[in-house]
Amino acid sequence: MIDVSRMPTFRRGVCVTASDVKPDDMYPHPTDLDGIAFAKSACEFCSVATECLRDALALPTSKDQAGVRGGTTAEERKAMRKRNRRLTREAAKQAADAAAA
Ligand code: SF4
């Protein structure tokens, strides 16, 4: 479940406030496509989705709890971190190449 004590803004999250969304609903099994779609639909209408996704992405993959956050699954966030690391490496290389030219 979202740690609202660590990030009070999450008290406004749909998964915390909506009566028809139970905490377990945000942790569907990776093969439960209907469950994933339901959890993502909660995030779609959440006013703190951006902050929630940013918070989840700030965690290392090993500490990221399996669950839908900010409209993404843990696997999707893992891929996003990988892509972000690659883009950061490429930007650093381009800056180094430009400095050396
Ligand atoms: S974005 Fe999703 S997981 Fe995050 S607080 Fe909102 S409903 Fe919960």
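Only the coordinates and a few stated rules stand behind these numbers; no lab work does. Since this is a predicted model, take the numbers as computed values, not measurements. Methodologically, a virtual Cβ is constructed for each residue, glycine included, from the backbone with ideal geometry; neighbour enumeration extends over all protein chains shown.
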query = Counting only the backbone N, which residues of region 24-45 are under 13 Å from the spot 7 Å out from the Cα of Lys78 toward its beta-carbon?
reply = 30-31
inquiry  = Restricting to DSSP H runs of at least four residues, report the calculated mean residue ellipticity at 222 nm for the chain, -39500 (n - 2.57) per run over all residues, nearest 500 deg cm²/dmol.
reply    = -16500 deg cm²/dmol
key: Within region 57-82: backbone nitrogen closer than 17 Å to the Val4 label point (7 Å, Cα to C-beta)   = 70
task = Starting from the Cα gyration tensor of region 8-100, take the square roots of the eigenvalues, sort them a ≥ b ≥ c, and report rounded, prolate or oblate (rounded when a/c is under 1.5, otherwise prolate if a/b is larger than b/c, else oblate).
result = prolate
message = Using a Cα-Cα cut-off of under 18 Å, which lysines could be cross-linked to Lys22, ignoring same-chain neighbours fewer than 8 residues away?
response = Lys40
ask   = If we count other beta carbons within 10 Å of each Cβ, what is the order of Ile36, Ile2, fewest first?
value = Ile36, Ile2
request  = Give, rounded to the nearest 20 debye, the magnitude of the charge dipole that the chain has about its Cα centre when Lys and Arg contribute +1 at Cβ and Asp and Glu contribute -1 at Cβ.
outcome  = 560 debye
note = Env charge @ Phe38, Cβ radius under 15 Å, K,R +1 / D,E -1, value -3
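List the chymotrypsin sites (Phe, Trp or Tyr not before Pro) in region 7-101 that DSSP assigns to loop (not H, G, I, E or B) and whose Cβ has at most 16 other Cβ atoms within 10 Å. Which are they?
Phe45
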